[in-house]
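Input: a single structure, listed below in structure tokens.
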Amino acid sequence: MLLLTLALGFVMAMIDVTAVNTALSDISTDLHVPLAGLVWVVDGYTLTFAALLLSGGALADRVGAKRAYGGGLLVFIAGSALCALAPTGTTLVAARLVQGVGAALFMPASLSLLTQSAPTNAARARMFGIWSAIVSAAATVGPLAGGLLVHGFGWRSIFWLNLPLGLLGVALTRRVVRAPAPAAPRPLALFSHALSALALAALAFGLIEGPVLGWTSLPVGSALSGAVLLGGWAVHRERHGATSMLPRALYGSAAFGAAVAMGFLINFAVFSQLFVISLFLQKAHGAGALETGLRLLPMMAVTGVSNLLSGRVIARHGVRLPLLTGLGGGVVAALLLTGAGDGTPAWLVVAGGTLVFLSIGFAIPAMTATVMQAGGSAHANSAAAALNANRQVGALVGVAVAGTVLHVAPDWHARMALMFGLTAAGFALAWLLVFYHVGRGATVVAPRPVTQ
């Protein structure tokens with residue numbers, strides 16, 4: 001029951017992401033949203049989620065993980081209601097921003113509560129496997145549920161679904177979750193958080209609007225330049241400022257850095273793939289929302305199976321084996337998809353995507369376990385926030401780059417070759433990070449000293 005309660009927030013988030021992808025064509029038709037607008041519908045949520053995750057982790061340290069988790073669920077419920085009522089594409093994007101705020105509050109708190117509830121490292125590894133499988137099951141149901149809801153009740157129903165799920169999560173949190181002892185509060189480094197959020201917003205605007213306004217246009221050039229300057233300023237303050245967004249102890253762990261970077265690369269690949277394949281099915285093969293959901297079902301379903309297997313392997317052999325195996329399989333599967341094109345049967349593309357998700361599902365629990373062990377109980381909130389912030393930035397950039405590829409590539413053959421070539425390169429880079437920086441033979445990565 002505890003695992004189910006702590007997974008409910010992410011369950012809603014995953015259902016939203018996967019269900020929205022099946023509804024993109026209907027949203028475009030109903031609200032007259034162009035391709036760039038559809039990218040904003042997906043990435044608007046990811047933007048605030050990624051930008052505020054580190055703040056959410058620090059806030060959980062101050063107010064308590066249980067309170068932050070429950071509060072985040074309430075904000076997410078409110079954002080979902082606004083999405084369901086949105087009269088225009090712009091309003092829908094704004095409501096998606098509110099959803100992202102809620103997710104940024106509950107995500108690091110849920111992982112922290114999970115970490116602190118496990119008595120041993122082996123039990124924690126198994127719990128992460130089960131937790132990931134629950135979330136993957138939601139991702140599996142998402143396309144089918146989205147397709148059924150959109151087909152029967154319209155695209156707005158996928159957001160109404162979050163209300164009963166969210167209220168159930170709030171009720172269970174009050175009854176099931178025990179509030180752990182609060183961590184020592186750290187300064188919030190508000191200025192650094194603001195710089196990072198503005199840099200990410202500028203990057204998102206530049207990547208999404210570049211194909212529409214032109215890469216040399218003043219708004220796009222200014223946004224991308226601002227992203228570089230603001231991001232550099234934030235990094236400088238993080239390295240040399242009196243306060244930092246993350247505990248300084250975390251920066252001494254090579255395994256932590258490798259796993260966090262891996263989170264970016266995996267989500268870049270996974271969410272760009274989901275976006276591209278969803279539109280490939282709808283645009284190249286004329287599939288409706290329900291048919292798209294049904295065709296994506298096996299691709300999503302295998303992730304839960306590999307999550308459970310990964311938890312068992314981690315408990316016995318450590319994180320290195322599932323990481324190298326999963327990422328290596330992802331490289332091979334992505335390379336197979338680079339040969340797809342307009343005439344490729346839909347089932348063959350889905351089969352390739354299924355192999356990618358099967359492989360990466362094997363690596364994700366090991367990645368999470370690596371980061372949380374590096375953080376230890378003292379820095380669990382911040383470690384979880386860092387991992388998920390990078391994962392959401394990866395998702396945001398992945399979808400934005402996918403939108404750019406769809407704009408500039410002349411046909412589906414060129415689009416698939418370019419997009420899945422980038423996917424394979426990302427997985428290969430993540431494999432190298434694991435090979436060189438995640439230790440051999442240990443069941444889990446040893447936590448670093450808790451002093452800052």
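The table that follows gives values for the structure above.
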quantity: Given charges at beta-carbon only (K, R positive; D, E negative), |dipole| of the chain in Debye; calculated: 1560
quantity: Estimated vicinal HN-Hα couplings, Hz - the range 263-276 in sequence order (Karplus 6.51, -1.76, 1.60; Gly, Pro = x); calculated: x, 4, 5, 5, 5, 3, 6, 5, 6, 5, 5, 4, 5, 5
quantity: Residue order for 29, 91 - accessible surface, 1.4 angstrom probe, largest first; calculated: 29, 91
quantity: Rg(Cα) / (2.2 N^0.38 Å) computed for the chain, rounded to two decimals; calculated: 0.90
quantity: Rg in Å to one decimal, and Dmax rounded to a whole Å, for the range 386-425 via C-alpha atoms; calculated: 11.6, 37
quantity: Karplus (6.51, -1.76, 1.60) ³J(HN,Hα), θ = phi - 60°, over the range 221-228, in Hz, Gly and Pro reported as x; calculated: x, 5, 5, 5, 5, x, 4, 5
quantity: Simple label model, 7 Å out from Cα along Cβ direction - residue 178 to residue 254, nm; calculated: 3.9
quantity: Cα-based helix-to-principal-axis angle, 320-337 vs the chain, degrees rounded to 10; calculated: 10
quantity: All Cα pairs of the range 277-402, percent lying beyond 20 Å; calculated: 55
quantity: ³J(HN,Hα) computed for each position of the range 309-319 - Karplus, 6.51 cos²θ - 1.76 cosθ + 1.60, integer Hz, glycine/proline x; calculated: 4, 4, x, 5, 5, 4, 4, 9, 10, x, 8
quantity: Residues in the range 382-411 reached by a label modelled at residue 342 [backbone nitrogen below 12 Å; 7 Å Cα→Cβ]; calculated: 410-411
quantity: Difference of contour (0.36 nm per residue) and Cα-Cα distance, residue 425 to residue 351; calculated: 24.6 nm
quantity: Added length on full extension, which subtracts the Cα-Cα distance from 0.36 nm per residue, residue 240 to residue 2; calculated: 81.7 nm
quantity: Amide H within-cut-off set for residue 409, under 5 Å, with H built and near neighbours excluded; calculated: none
quantity: Between 0 and 90°, nearest 10: helix 35-63 axis offset from the chain longest Cα axis; calculated: 10
quantity: Rounded to the nearest 10 Å², the accessible area of residue 411 at probe 1.4 Å; calculated: 60
quantity: Quarter of the Cα convex hull surface for the range 357-404, i.e. its orientation-mean projected area (nm²); calculated: 3.6
quantity: Residue-averaged 222 nm ellipticity for the chain, from DSSP H runs of 4+ at -39500 (n - 2.57), nearest 500; calculated: -28500 deg cm²/dmol
quantity: The range 1-32 and the range 187-240: distance between their alpha carbon centers, rounded to Å; calculated: 27
quantity: Residue-normalised accessible area of the chain, expressed per residue, 1.4 Å probe, Å²; calculated: 37
quantity: Segment residue 191-residue 436, length gained on full extension (0.36 nm per residue, minus Cα span); calculated: 84.8 nm
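The values are calculated or read from the model by the stated rules, or taken from the named source; none is laboratory data. Computed from a predicted structure; not experimentally measured. With ideal geometry, Cβ positions are generated from the backbone for all residues, glycine too; neighbour counts draw on all protein chains shown. Remember, those area values only see protein heavy atoms, side chains included, never the ligands or the DNA or RNA. Shrake-Rupley method; radii C 1.70, N 1.55, O 1.52, S 1.80 Å.
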